[in-house]
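Structure first, then comments.
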Amino acid sequence: MYFRRQLLHARAISRALASAGLSVPHARAMGSMADLGERTTNRAEGSIADAFASMSNQSQELPARFVDLKRELAQGNGAAILDGWKRLLNNLAPERLARWESQMIPEIHFSAIQANNGELPESSLQALKEHGTIIVRGLVSADEALGWMQNIRDYVKLNPSTKGFPAHDPQVYELYWSKPQLEARAHSNMLIVQAALNKVWSAAPEDAVDTSVPIAYCDRLRIRTPGDKSFNLGPHLDGGSLERWEDPEYRKCYSEILKGEWENHNPFVMTHRLKATVDMYHGPGGCSAFRSYQGWLSLSDCSPGAGTLRVMPDLLASTAYTMLRPFVRQNSAGKWILDQESSFFQGAAMGAGQELLAGDHPHIHSAGFVSIPRVQPGDAVFWHCDVAHMVENEHRGNGDSSVLYIPAAPLCEVNSNYLKNQRAQFLEGCPPPDFPGGVGESAHNNRGTIDHLSDEGKRAMGCAKFEVDPKGSLGQQAAARTANSILGF
């Protein structure tokens with residue numbers, strides 16, 4: 001019965017692609033029955049709150065094996081880690097953090113990227129590397145963004161079964177396939193910006209990745225209303241939690257930090273990210289793809305204080321603080337010493353996001369964060385996948401704070417595998433693989449379909465073939481060939 005369901009599922013996908021003019025041979029497009037049996041399943045039904053241990057009452061107590069992991073990582077390097085921690089605390093002195101302000105976040109207009117052959121100008125590139133966050137003004141016109149906002153309201157009204165958080169008064173909706181979301185992800189300007197941001201990262205010629213080719217990682221949307229205090233996500237990092245230390249490949253991304261030499265860390269190197277396992281526990285806070293940046297496109301006018309995003313504008317220091325924190329503790333005299341006895345990894349839990357908690361991360365818990373400057377409809381914000389961020393506790397503005405969550409992700413093997421599974425969910429109207437499961441929008445009226453995607457958008461969604469550039473590096477060519485093989489083209 002199971003394989004029969006999978007076969008019917010495969011045929012449905014093949015028909016949907018064929019109806020859109022994408023003639024993919026059934027056997028190649030859908031893979032073998034073994035491939036179908038391995039298809040990623042959705043996570044349990046729920047909401048965005050389930051992604052965080054502090055919001056879902058999940059235990060942060062870890063097995064004893066994490067003591068061994070901590071000792072393994074610090075073996076022969078304890079003195080350097082402790083010395084690096086002390087230098088880091090000097091760098092995060094309260095008087096320095098007190099001078100941080102919203103104006104530190106770099107801004108650029110979309111037209112400047114367009115005029116620079118689709119790349120960030122050098123000044124913006126360097127500012128992004130330092131601060132980890134950037135605002136792209138005028139990514140789409142205000143009229144287009146406002147039109148999308150109205151269409152989303154109509155879509156929600158037409159489909160009262162739509163779920164969200166909190167359940168009684170949704171501020172974040174479990175919606176992924178509305179027409180505006182599809183159109184925004186597939187917008188040529190969005191794809192240009194995503195490619196420009198991905199090209200800030202470095203990759204070796206043999207690394208199987210193409211930073212110039214973005215893929216669509218489909219996420220939710222937010223309509224936060226004035227006075228809301230429920231959607232108050234505290235300081236956290238995306239991209240897993242314990243995986244940063246536990247997965248051998250993932251922790252190579254932070255090797256300089258784990259040696260105590262955090263000043264030498266380069267957060268924009270792709271090599272080890274491409275094979276890192278960032279979702280070891282398949283929990284509600286996991287992400288099984290490689291998102292180079294988180295991001296959102298604003299559909300409203302929103303200023304600091306109106307329930308907006310807050311970020312820590314020192315990417316290097318905040319990453320080092322998070323990575324080194326489990327290895328140190330204060331003794332009874334208040335002196336920092338190595339911690340090699342506890343299994344505690346502050347703010348980390350199996351299958352949940354990495355949180356930065358007041359009692360565990362006092363130096364950066366809230367003092368180090370600044371609110372995003374005022375954004376208007378059509379502006380976008382992107383932040384590096386390691387940026388510590390949070391949401392303002394209360395929406396004290398007068399209008400809705402509304403955004404479409406649209407991250408950036410490059411073409412690589414892990415993302416191609418995710419794309420295959422996401423494509424299947426999209427064509428059925430079910431939530432993407434990384435998000436709470438259930439029937440989703442499968443029975444929603446006026447749901448977006450493959451016909452609402454541009455040609456570029458179809459490719460970004462894995463519904464069209466990726467071109468193999470003969471002038472590209474070996475890694476770029478391998479990324480395209482691998483994607484086409486996985487997707488069945």
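Taking the range 100-154 as the range and being β-branched (Val, Ile, Thr) and more than 26 Å from VAL370 (Cβ to Cβ) as the test, only ILE152 passes. Being open to solvent by less than 10 Å² (accessible area, probe 1.4 Å), touching a strand residue (DSSP E or B) at 6+ places or on another chain (Cβ under 8 Å) and either more than 20 Å from GLN294 (Cβ to Cβ) or among the charged types (D, E, K, R) (or both): is that true of ASP386 here? Judged against the criteria, ASP386 is a match. Scanning the range 145-175 for residues that are open to solvent by 50 Å² or more (accessible area, probe 1.4 Å), closer than 19 Å to ARG224 by Cβ and among the polar types (S, T, N, Q) yields GLN150, ASN151. Of all positions in the range 215-231, at least one carries a residue that is surrounded by fewer than 22 Cβ atoms within 10 Å (Cβ to Cβ), at pLDDT below 95, in contact with a Phe, Trp or Tyr (Cβ under 9 Å, 6 or more places away or on another chain) and within 30 Å of ALA349 (Cα to Cα). Annotation: of all residues in the range 372-427 being closer than 17 Å to VAL213 by Cα and among the β-branched types (Val, Ile, Thr), the one that is farthest from the chain's Cα centre (by Cα) is VAL414.
Residues in the range 238-253 that are open to solvent by less than 10 Å² (accessible area, probe 1.4 Å) and at pLDDT below 95 were compared, and the one that is farthest from the chain's Cα centre (by Cα) is SER241. Taken as a whole, the range 212-229 holds at least one residue that is among the small types (Gly, Ala, Ser) and closer than 27 Å to SER454 by Cα. Each residue in the range 120-144 was checked for being farther than 14 Å from VAL311 by Cα, among the polar types (S, T, N, Q) and open to solvent by less than 30 Å² (accessible area, probe 1.4 Å), and 1 pass. Given the structure, is SER303 more than 15 Å from GLU243 (Cβ to Cβ), surrounded by 21 or more Cβ atoms within 10 Å (Cβ to Cβ) and among the small types (Gly, Ala, Ser)? No; evaluated as a whole, the condition is false for this residue.
Every condition in (1) within 14 Å of the chain's Cα centre (by Cα); (2) farther than 20 Å from HIS389 by Cα; (3) not polar (S, T, N, Q) holds for LEU274 except the one numbered (1). Considered as a group, the residues in the range 289-313 that are in a loop (DSSP other than H, G, I, E, B) and in contact with a Cys (Cβ under 8 Å, 6 or more places away or on another chain) include one that is nearest to GLU392 (Cα to Cα), and that residue is THR308.
All conditions but one from (1) at pLDDT below 95; (2) crowded, with 19+ Cβ neighbours inside 10 Å apply to TYR281; the one that does not is (2). In the set ASN446, ASN421, only one residue is among the polar types (S, T, N, Q), within 27 Å of THR277 (Cβ to Cβ) and in contact (Cβ under 8 Å) with a residue 60 or more places away in the chain; that residue is ASN421. None of GLU95, GLU107, GLU72 is of a type outside the set (Lys, Arg) and modelled with pLDDT under 95 except GLU95. Please determine whether any residue of the range 323-337 is within 21 Å of the chain's Cα centre (by Cα) and not aromatic (Phe, Trp, Tyr). Yes, the range 323-337 contains a residue that is within 21 Å of the chain's Cα centre (by Cα) and not aromatic (Phe, Trp, Tyr).
On the given criteria, is ALA333 touching a helix residue (DSSP H, G or I) at 6+ places or on another chain (Cβ under 6 Å) and farther than 30 Å from GLN171 by Cα? Spelling it out, it is not the case that ALA333 is touching a helix residue (DSSP H, G or I) at 6+ places or on another chain (Cβ under 6 Å) and farther than 30 Å from GLN171 by Cα. Test PHE382 against the criterion of being hydrophobic (A, V, I, L, M, F, W, C) and not in a loop (DSSP other than H, G, I, E, B), and give yes or no. So PHE382 passes the test. Among residues of the range 314-367 being touching a residue at least 60 places away in the same chain (Cβ under 8 Å) and part of a strand (DSSP E or B), the one that is nearest to PHE435 (Cα to Cα) is GLN354.
Number of residues in the range 370-379 that are part of a loop (DSSP other than H, G, I, E, B) and closer than 18 Å to LEU128 by Cβ: the value is 3. Each residue in the range 184-206 was checked for being open to solvent by 20 Å² or more (accessible area, probe 1.4 Å) and either in a loop (DSSP other than H, G, I, E, B) or touching a Leu at 6+ places or on another chain (Cβ under 8 Å) (or both), and 7 pass.
Are any residues in the range 270-308 among the polar types (S, T, N, Q), touching a helix residue (DSSP H, G or I) at 6+ places or on another chain (Cβ under 9 Å) and touching a residue at least 40 places away in the same chain (Cβ under 8 Å), and if so, which ones? Residues satisfying the conditions are THR271, SER288, SER292, SER298, SER300.
The values are calculated or read from the model by the stated rules, or taken from the named source; none is laboratory data. None of the values given here were measured: they were computed from a predicted structure. FYI the Cβ positions are ideal-geometry reconstructions off the backbone, even for glycines, and counts take in every protein chain you see. When the accessible area is computed, the model is the full protein with side chains, heavy atoms only, and any ligands, DNA or RNA have been set aside. Shrake-Rupley method; radii C 1.70, N 1.55, O 1.52, S 1.80 Å.
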